[in-house]
Amino acid sequence: MAYHSPYRAPPHINAPPDQSFLWNIFQRVDKDRSGVISDSELQQALSNGTWTPFNPVTVRSIISMFDRENKGGVNFNEFAGVWKYITDWQNIFRNYDRDNSGFIDKNELKQALTGFGYRLSDQFYCTLIEKFDRQRKGQVAFDDFIQCCIVLQRLTDVFRRYDTDQDGWIQSIKASLLTVKYYSTATGGEDTGTVAGQTVVTERRGSVVTVAINRPEVRNAVNQETARRLLEELEAFDSDPDLHVAVLHGKGGNFCAGYDLKELANHPASLKLEQDVTKGPGPMGPSRLELSKPLIAAVSGFAVAGGLELALLADLRVVEESAVMGVFCRRFGVPLIDGGTVRLPRLIGLSRALDLILTGRPIGAQEALAYGLANRVVPDGQALQAALQLAEQLSSFPQHCLRADRSSAMYSCYDAPSFTQAMQFEIDHGIPVIQSEAVTGATSFTTGAGKGGKFF
């Protein structure tokens, strides 16, 4: 598994290793005999051809790709995929390390990325070398080369999402600088910078704001910093009069895999829970909020455990076809304390909710749609765009009326002690809207707007 120089390929490099060979390797790497290889164990087993530790970010990225159950490591069945992944990268690295130095310099990097289909400027290659050269030698080692390619692929995916006409240009973003303008609702302004290093990133699009969990290396599992940032951004959204709808999503192909169990296991004392739900946030951050404006969840990949609870916070859920939802924390004795046992039965009924809560089983997009857990199912890669279109539609409606009806529905579902009081709440909050928006709307209708059921 280690990358060493000089490079002499084994005689059957393309032949998959037999199971006994892999099992012997797995046992040697699995130091604590837990049956799961952690990122620290994998890091110790890997070599980058230097005397420095293997890039921990690269290790976490690899683990997250193959850790299907978000257990913080890979079991033996998943280990075969890890082995092949690293072996494939070894072969690529050896192929482009033309001088057998154990490093990739700028010219070799250019040849490699050109071979992958990229056409980048010379300045951009200099930027990549500067970014990923941890040895400060003007070249990159094996582990940093892998991370460089992973990051470049993620940036490519983001670029393609914004390049709607597929002409290779984005009019509103200076792609050559690798910079996107993110709007911070918490600070009330724009923060120009790259995504790296921010656990939550937001972007304003007129009266709609997107809030993204940005920890793709752990499938967007939420730690304390992420929870705090999510709470700040959604509170700021709710108090901003110019924003009408928020879209919550996850970077890198997953919505959210729940709370970061590694942080809980390694630093249990650092998790401070406020038991009085009226006095502090939930462990996942915004789960105890009662927002006054619509929130839409764009769900891709995994939305499990606390991630499912965040999705339940939303008014609507747009779910990709391959997405998986479920109470995966059932296996580890981690309770639902971010509203899962409260919101899920209200959304899909007690019987179906208990099926998911008690078994912890995964539920796919189509079953979620049949249950009412998903409101829309869209092809993979389109959840965010579909959620944004839905958000823009909601944002175009008269807002006082929309929020009054939404508030009444929430009250009748969660707070009303009786049918009569729910009806009273509805009329009390509906009457003021008649003068502020309904009369104007009725006048528009008489002039022909919206007739025949047309939405405008």
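The values are calculated or read from the model by the stated rules, or taken from the named source; none is laboratory data. Worth saying up front: this structure is predicted, and the values here are computed from it rather than measured. Note that we place each Cβ from the backbone using ideal geometry, even for glycine, and neighbour counts take in every protein chain shown. Please note that ligands, DNA and RNA were not included when accessible areas were found on the heavy atoms of the full protein model with its side chains. Shrake-Rupley method; radii C 1.70, N 1.55, O 1.52, S 1.80 Å.
Below, the figures for the structure above:
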| item | result |
| --- | --- |
| Highest to lowest packing among 59-69, 415-425, scored as the average C-beta count within 10 Å | 59-69, 415-425 |
| Reciprocal mean inverse distance between Cα atoms of region 19-161 - Kirkwood radius, Å | 16.2 Å |
| Per residue, in Å², the accessible surface of region 19-161 once ligands and nucleic acids are set aside, probe 1.4 Å | 49 Å² |
| Area of CYS126 that stays accessible when all protein chains are in place (1.4 Å probe, Å², to 10) | 60 Å² |
| All aspartates and glutamates inside 15 Å of LYS293 as judged from Cα atoms, apart from same-chain residues fewer than 8 positions distant | GLU233, GLU235, ASP238, ASP240, ASP242, ASP315, GLU392, ASP405 |
| Dipole of region 298-359, positive direction: furthest Cα of PRO345, VAL299, LEU316, with charges on the beta-carbon | PRO345 |
| Label-point separation, ASP242 to GLN385 (7 Å along Cα→Cβ), nm | 2.8 nm |
| Two-site label geometry, SER101 and LEU354: point separation in nm, points 7 Å out along Cα→Cβ | 6.7 nm |
| Pairwise centroid distance, computed over Cα atoms, of region 219-249 with region 93-133, Å | 38 Å |
| Local electrostatic count, LEU336, Cβ distance below 12 Å [Lys/Arg +1, Asp/Glu -1] | 0 |
| Relative packing of 20-27, 201-208, which averages over residues the other C-beta atoms within 10 Å, highest first | 201-208, 20-27 |
| Subset of LYS31/LYS106; LYS31/LYS110; LYS31/LYS131; LYS251/LYS272 violating a 29 Å alpha-carbon distance limit | LYS31/LYS106; LYS31/LYS110; LYS31/LYS131 |
| Accessible area per residue in Å² at 1.4 Å probe, computed on region 398-438 | 66 Å² |
| Most to least packed among 374-380, 241-247 [average Cβ atoms within 10 Å] | 241-247, 374-380 |
